[in-house]
Amino acid sequence: MADSIPLDAEKIYLGGKEHHVRTRCGSVSVIVYGDQDKPALITYPDLALNHMSCFQGLFFCPEAASLLLHNFCIYHVSPPGHELGAAPICESTSPHSVDDLADQILEVLNFFGIGAVMCMGVTAGAYILTLFAMKYRERVLGLILVSPLCRAPSWTEWFYNKVMSNLLYFYGMCGLLKEFLLQRYFSKEVRGTAEVPESDIVQACRRLLDERYASNVMRFLEAINSRPDLSSGLKRLRCRTLIFVGDSSPFHSEALCMTSKLDRRFSALVEVQACGSMVTEEQPHAMLIPMEYFFMRYGLYRPCQLSDSPRSPLSPSCISPELLSPESMGLKLKPIKTRASLEV
């Protein structure tokens with residue numbers, strides 16, 4: 001059975017408490033935000049990221065934070081060695097496969113006594129949570145996937161990942177490696193040019209990448225680069241799935257492929273204009289309205305009654321009942337196939 005070591009009271013991140021949960025495949029950092037009596041939402045970040053660098057923009061967006069924290073207790077799970085302040089993983093530790101990482105999620109849920117959960121993952125993290133949902137269907141209520149992967153790596157991606165793996169091995173978190181990662185995460189609009197400086201979110205992400213140990217990142221990268229193809233099993237998923245992807249994401253075609261493989265009755269796609277892979281950081285407002293409709297289908301969306309809370313644009317007190325329909329907002333939920341504009 002998994003064991004947990006809660007850290008001291010000082011080890012608190014914006015109201016969240018960090019736990020290290022011991023699993024069969026090593027220790028996993030989980031940062032818990034909110035009331036644990038509420039339904040659980042599990043997050044899992046992309047390569048070389050953690051909850052601060054992958055989900056901070058979404059949870060710092062007042063409307064999205066109000067929606068998520070009002071309805072869920074958030075459990076931010078980090079890949080091994082990716083948590084804030086992580087030490088290098090011992091070289092004698094066996095490498096993890098993607099199945100190992102998915103099984104760690106199960107052990108985390110069992111430790112906290114959680115049944116079925118909502119899942120939110122970005123790119124590599126989206127793959128891990130999709131694999132988890134396929135292996136343990138009864139433990140997943142729904143999937144919110146951002147620029148997800150579902151197929152085995154193409155030759156192009158495999159080679160690109162091998163180049164990054166070699167850079168990590170020989171040069172560590174060098175400047176070139178960080179540029180490769182930033183291109184993976186963000187659109188060129190926010191990465192800047194010779195004339196236009198890079199945006200604050202890119203600068204912040206660059207600083208957080210400096211804190212990662214190259215050996216830890218390489219382990220996760222090699223697991224993802226050896227991932228099996230999940231396409232054939234996607235039709236059998238019966239949990240609802242909401243997919244976001246930026247139209248400038250290098251994984252745009254992967255997201256479209258995954259959408260085509262899912263049962264159309266249970267899946268939805270939102271494409272976000274002028275955005276890279278990390279919609280959670282680059283354009284978190286674009287996620288708000290689709291997520292509200294998504295949660296309504298579960299009966300999980302409950303507008304907050306506190307007068308000093310940020311008002312949701314879909315709060316019944318804000319709009320008339322006849323406007324509370326997907327069609328009136330220009331969205332199609334079977335499936336959603338729309339583009340969220342920059343003004344969302």
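The values are calculated or read from the model by the stated rules, or taken from the named source; none is laboratory data. Because the structure is a prediction, the values reported are computed rather than measured. We place every Cβ from the backbone using ideal geometry, glycine too, and count neighbours over all the protein chains shown. In case anyone asks, the SASA skips ligands and DNA or RNA and just uses the protein heavy atoms, side chains included. Shrake-Rupley method; radii C 1.70, N 1.55, O 1.52, S 1.80 Å.
Before moving on, here are some points about what is shown:
- Number of the condition not met by GLY115 [criteria: (1) open to solvent by less than 10 Å² (accessible area, probe 1.4 Å); (2) touching a helix residue (DSSP H, G or I) at 6+ places or on another chain (Cβ under 8 Å); (3) small (Gly, Ala, Ser)]: (1)
- Residues that are touching a Phe, Trp or Tyr at 6+ places or on another chain (Cβ under 8 Å) and either under 12 Å from CYS119 (Cβ atoms) or in a helix (DSSP H, G or I) (or both) within the range 231-248 comprise LEU237, CYS239, ARG240, THR241, LEU242, listed in sequence order.
- Condition check for ALA124 on (1) within 30 Å of ASP37 (Cβ to Cβ); (2) crowded, with 21+ Cβ neighbours inside 10 Å; (3) not polar (S, T, N, Q): one failure, at (1).
- Single condition GLU10 does not satisfy, out of (1) surrounded by fewer than 18 Cβ atoms within 10 Å (Cβ to Cβ); (2) modelled with pLDDT of 95 or more: (2)
- Single unsatisfied condition, CYS90 versus (1) touching a residue at least 24 places away in the same chain (Cβ under 8 Å); (2) within 30 Å of GLY172 (Cβ to Cβ); (3) among the hydrophobic types (A, V, I, L, M, F, W, C): (1)
- Screening the candidates TYR298, TYR293 for the property of being at pLDDT below 95, in a helix (DSSP H, G or I) and over 28 Å from SER97 (Cα atoms) yields one hit, TYR293.
- Residue within the range 260-273 that is open to solvent by 10 Å² or more (accessible area, probe 1.4 Å), over 19 Å from the mean Cα position of the chain (by Cα) and among the small types (Gly, Ala, Ser) present: yes
- Number of residues in the range 78-129 that are part of a helix (DSSP H, G or I) and among the acidic types (Asp, Glu): the value is 4.
- Residue ID - most open to solvent (accessible area, probe 1.4 Å), chosen from residues in the range 19-36 that are within 19 Å of ALA65 (Cβ to Cβ) and at pLDDT below 95: GLN36
- Only residues that are over 17 Å from PHE59 (Cβ atoms) and either modelled with pLDDT under 95 or open to solvent by 10 Å² or more (accessible area, probe 1.4 Å) (or both) were counted across the range 274-288, and they come to 1.
- Entry remark, the range 162-188: residues being touching a residue at least 60 places away in the same chain (Cβ under 8 Å), part of a helix (DSSP H, G or I) and crowded, with 17+ Cβ neighbours inside 10 Å number 4 in total.
- When we screen ALA223, ALA204 for residues that are touching a helix residue (DSSP H, G or I) at 6+ places or on another chain (Cβ under 6 Å) and closer than 19 Å to HIS82 by Cβ, the only hit is ALA223.
- One residue stands out among those in the range 144-161 that are hydroxyl-bearing (Ser, Thr, Tyr) and out of contact with any helix residue (DSSP H, G or I) (no Cβ under 8 Å at 6 or more places or on another chain): the one that is most open to solvent (accessible area, probe 1.4 Å), which is THR156.
- Scanning the range 249-285 for residues that are among the hydroxyl-bearing types (Ser, Thr, Tyr) and either assigned to a strand (DSSP E or B) or in contact (Cβ under 8 Å) with a residue 40 or more places away in the chain (or both) yields SER249, THR259, SER267, SER277, THR280.
- The listed residue being out of contact with any helix residue (DSSP H, G or I) (no Cβ under 8 Å at 6 or more places or on another chain) and either open to solvent by 30 Å² or more (accessible area, probe 1.4 Å) or under 19 Å from SER231 (Cβ atoms) (or both), out of LEU141, LEU129: LEU141
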